[in-house]
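This report concerns only the one structure given below.
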């Protein structure tokens, strides 16, 4: 039986995919910045250009490395006019909270601050969280602050491979205070100590456990110990910890800088103790500049990083040598199967070059 209802043809639906999508996707490629472009932007204090320049130095592409070297050479005469401060501490000490509070205090005094935070890379996935901008949201939004989290990339001690170059670029951009935050207590502190003027160690109360959990070498290289989280019911414990650490510091050999390391208390939450910390840093700078240690240390650091650059370049050239690459494929299998021992294999590879 025929139905009394009729169905009219509907309006044709437009395709799900825009037929002009291919044209829209064919955008003109962004112009590659030249060394001159980078330098102009950095000298003008343009933060996006500074961030791009640091990304350039972290690249492993041959063409990027060459451009990065040119840029670092151009920026080097503009650098060196900052206070470089290394900041480290045991896990959970509150480094990010302290850096944000201390950084905002320094900026209020008229300084420009760059924070180079070394983020740990996963040995398995090579990924990293890079969450410092999230943890320091207030500081990150300050126009006189620049926060750059960099993955450690599995390098020795978790120190980002190009932190030294990042310091030079930030100084060329007009930042007169540089913080370098390390992953934690370990080998990374040795590398950071070799690129900073002042080394600050953050500690917690409960000093007995803390003294056992921290390496003697880290305390010996520290110019200032700060007992963080000295607030609320924790003030008394923090004061006792400060006294204990101050006594421990007297057991170490005198510093070649002529400076006597001290222990202070602070609260990043309540923003107390920050003035005393900055005063200690300025007194250290005045002392080491007057006795010449500051300038000697900067020269020694420059030589150290020249040698580090040589080591890195040699290693890169070695593994990029086609003869080495070809031989490695064969010899690695021989080592894995026990046909040859690792030491003989290494000698055979080295003999290639």
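None of the figures in this text is laboratory data; all of them are computed from the coordinates on show. Keep in mind it's a predicted model, so treat the numbers as computed, not measured. Don't worry about glycine lacking a Cβ; one is built from the backbone with ideal geometry, like all the others, and counts go over all protein chains shown.
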Going fewest to most other Cβ atoms within 10 Å around each Cβ, 46, 250 line up as 250, 46
Cβ density ranking, 10 Å radius, fewest first, applied to 239, 325, 337 yields 337, 325, 239
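How much length is gained on full extension from residue 240 to residue 32, taking 0.36 nm per residue of separation minus their Cα-Cα distance?
69.2 nm
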Per-residue Cβ contact counts at 10 Å, fewest first, order 272, 35, 88 as 272, 35, 88
